[in-house]
Amino acid sequence: MSLKSILAAKGDEVISIVPTADLAAAAELLTKRGIGVLVVRDADGGLVGILSERDIVRAMSENGIAAMQSPISQVMTKDVSTCEVNDSISSVMERMRKGKFRHMPVLDNGRLAGMVSIRDLLKLHLETIREHIHQIEASFAEFELMRL
């Protein structure tokens, strides 16, 4: 399995917002879509940041309810870690672990191709482990039959 197959299964839709929108609009969009992160894009569709629920909580803890009127550009993470569709699952998981973040935009030749979460990667990892266990069990059963 690859990042391409994850995106093919979950779809390539990336929910985004402009940096001039306020945090209240971002919180409403996150809630409406049931997601934890928004990609922040400029007018040309270029990736300029990422805004997570944690960013909103941090802004509110620092500025109270007034933070909800702040533009996303003041709160978003500007130095966004991205990966390429051909990167290995394990390397992406390791970067997420080291960076302590849960979502990563996936690029395909510099174009935003989708978003993966640590949940997506762990699900794939668990499915791979289950498949290996099944293969080992089948091999063991075959070996037992041969011994009889």
**Prompt:** Considering region 39-52 alone, what residues qualify as being surrounded by 12 or more Cβ atoms within 10 Å (Cβ to Cβ) and either more than 17 Å from the chain's Cα centre (by Cα) or free of Cβ contacts under 8 Å to residues at least 24 places away in the same chain (or both)?
**Reply:** Asp42
**Prompt:** So which residues in region 98-148 are at pLDDT below 85 and of a type in the set (Asp, Glu), if there are any at all?
**Reply:** Glu127, Glu142, Glu144
**Prompt:** Which one is nearest to Asp44 (Cα to Cα), of the residues in region 91-148 that are buried (at least 18 other Cβ atoms within 10 Å of the Cβ) and out of contact with any strand residue (DSSP E or B) (no Cβ under 7 Å at 6 or more places or on another chain)?
**Reply:** Phe101
**Prompt:** Just wondering, is there one or more residues in region 60-81 that are in contact with a helix residue (DSSP H, G or I) (Cβ under 8 Å, 6 or more places away or on another chain), within 28 Å of Ser2 (Cβ to Cβ) and in a helix (DSSP H, G or I)?
**Reply:** no
**Request:** Examine region 55-75 for a residue that is under 17 Å from the mean Cα position of the chain (by Cα), more than 24 Å from Ile129 (Cα to Cα), surrounded by fewer than 16 Cβ atoms within 10 Å (Cβ to Cβ) and free of Cβ contacts under 8 Å to residues at least 40 places away in the same chain, and state whether such a residue exists.
**Result:** no
**Item:** Which listed residue, of Ala113, Ala141, is more than 13 Å from the chain's Cα centre (by Cα) and either under 17 Å from Val14 (Cα atoms) or in a helix (DSSP H, G or I) (or both)
**Value:** Ala141
**Complete:** Here the residues within region 1-32 that are of a type outside the set (Val, Ile, Thr) and modelled with pLDDT under 95 are Met1, Ser2, Leu3, Lys4, Ser5, Leu7, Ala8, Ala9, Lys10, Gly11, Asp12, Glu13
**Request:** Residue by residue through region 20-38, note down the ones that are of a type outside the set (Asp, Glu) and open to solvent by 30 Å² or more (accessible area, probe 1.4 Å).
**Result:** Thr20, Ala24, Ala25, Leu29, Thr31, Lys32, Arg33, Gly34, Ile35
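The values are calculated or read from the model by the stated rules, or taken from the named source; none is laboratory data. All values derive from a computational prediction rather than experimental measurement. FYI the Cβ positions are ideal-geometry reconstructions off the backbone, even for glycines, and counts take in every protein chain you see. Surface accessibility is based on the protein's heavy atoms, side chains included, excluding ligands, DNA and RNA. Shrake-Rupley method; radii C 1.70, N 1.55, O 1.52, S 1.80 Å.
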